[in-house]
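First the structure, in the form of structure tokens, and then the observations on it.
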Amino acid sequence: MIYNWKNNINEIELNDVSNSIKNGEIVVMPTETVYGVGADLFNEDAIKKIFMAKNRPATNPLIVHIGNKNEIDMVAQKPNEIEQALIDAFMPGPFTIILKKKDCIPDIVSAGLDTIGVRMPSNEIANRIITKVGNPIVLPSANISGRPSGTRVEDIFEELESKVYAIVDGGESPIGLESTVVKVVDNVPVILRPGKITPEDIIKVVGKCELDKNIFQKPADVVDAQMPGSKLEHYVSKLECNLICGQNNDKIIDKIKEIIQQRDGKVAIIAFEDIIEKIDISKDRLFPISRTDNIEKDELEYAEKLYRYIREAENTDSDLILIQGVKEEGLGVAIMNRLLRTSSFKIINVD
């Protein structure tokens, strides 16, 4: 069943959803990042349903989602000074901190590790559900493992509707990329998965930040993985994808036109609008991102629309999706991390 909470949270349905989770069911719900599929943290049978519904490898741990910061004490050891500063600055929000777990965390959640990721969503719907359940939940992205995450109910209905108790529709996710995952190593915050919270944001809080060396590595090339699951494929489209990168718009446009001709027009394009407007193919294959004088604003739109556009492009009769890359700066680090994996690291450099 689908509950429509786009305009307001229905209290009767909220009771039903929270009670169903307490009773071992799994439920799809929105967050500010992407949609997730949730289960009671302490119900191993329910958590197994998530792994089965998503076809998720057991070696990929789940992130614990809390309703308030006090619940950190339920699941993890006391944060150190740096960890606490990050928690104070970025929770609630699109931020996950890796902490030493408490013994109460089921091994199925942590994949046998002695750490656990903890996040407090700022999305009102997710937060109200967690609070009503009365204890933390697990809430991995609502998609088949390896596929692009869902940012709208329309994206994930076919994949998960028959596998969950209910789907709560809260409209389109405003951020569109999964949370930033940080582990503090020797008092230095290390970003294991980039997201809306950027290295620059973290530096403003604690004065230092590093990117994990595996962020831009192919899964097969990942070594000494700090981020469980980094050896697995993620965000992969059903269609072949190529990432097209360069600073010269004319060269990008010429290359896109050349590929369109080679493919008899069966190409979908995800790119900034000043590129899109120069491409003469049917509009249903064109997926524009705004281009303004505000790079940060443009990147926010790119992040919000990326997964949705990939899924919409898959529904055209195209044989290939061409996706324009961005600079690996600010939010662009997270966007490029996802794009490289979506394209299976197939990159066309035009400069």
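The values are calculated or read from the model by the stated rules, or taken from the named source; none is laboratory data. Because the structure is a prediction, the values reported are computed rather than measured. We place every Cβ from the backbone using ideal geometry, glycine too, and count neighbours over all the protein chains shown. Keep in mind that these areas ignore ligands, DNA and RNA; they rest on the heavy atoms of the full protein, side chains included. Shrake-Rupley method; radii C 1.70, N 1.55, O 1.52, S 1.80 Å.
Across the chain, the relative contact order, built from alpha-carbon pairs under 8 Å that are at least six residues apart, equals 19 percent. If you look for lysine pairs in the stretch 25-106 that are eight or more places apart or on different chains, how many of them have Cα atoms under 24 Å apart? The number of close lysine pairs in the stretch 25-106 is 12.
Computed from point charges on the beta carbon alone (+1 for Lys and Arg, -1 for Asp and Glu), the dipole magnitude for the stretch 7-67 about its Cα centre is near 340 Debye. For the stretch 73-139, the fraction of 1.4 Å probe accessible surface lying on carbon and sulfur atoms is 47 percent. Given a 10 angstrom Cα cut-off, can you work out which residue in VAL185, VAL133, VAL326 is the most mobile in a GNM of the chain? Sorting by GNM fluctuation, first place goes to VAL185. The stretch 279-301 and the stretch 92-123 have Cα centres spaced 36 Å apart.
Inter-label distance, THR131 to ASN70: 1.2 nm, where each label sits 7 Å from its Cα along the C-beta direction. So which residue, out of MET29, MET91, MET120, gets the largest mean-square fluctuation from a GNM of the chain using Cα contacts under 10 Å as springs? Of MET29, MET91, MET120, the Gaussian network model singles out MET91 as fluctuating most.
For the chain, the longest principal axis of the C-alpha atoms and the axis of helix 249-262 are separated by about 80°.
Mean residue ellipticity at 222 nm, helices only, the chain: -9500 deg cm²/dmol; runs of at least 4 DSSP H residues each add -39,500 (n - 2.57), and the sum is divided by the number of residues. Only one item in (i) 133; (ii) 149; (iii) 172 matches volume of the Cα convex hull per residue in Å³ derived from the coordinates shown, and that item is (i). Using Cα springs under 10 Å in a Gaussian network model of the chain, which residue among LYS283, LYS238, LYS163 shows the largest mean-square fluctuation? Judging by the Gaussian network model, the answer is LYS283. Listed by chain and number, the aspartates and glutamates placed with their C-alpha closer than 14 angstrom to that of LYS278 are ASP250, ASP254, GLU258; residues fewer than eight positions away on the same chain are left out.
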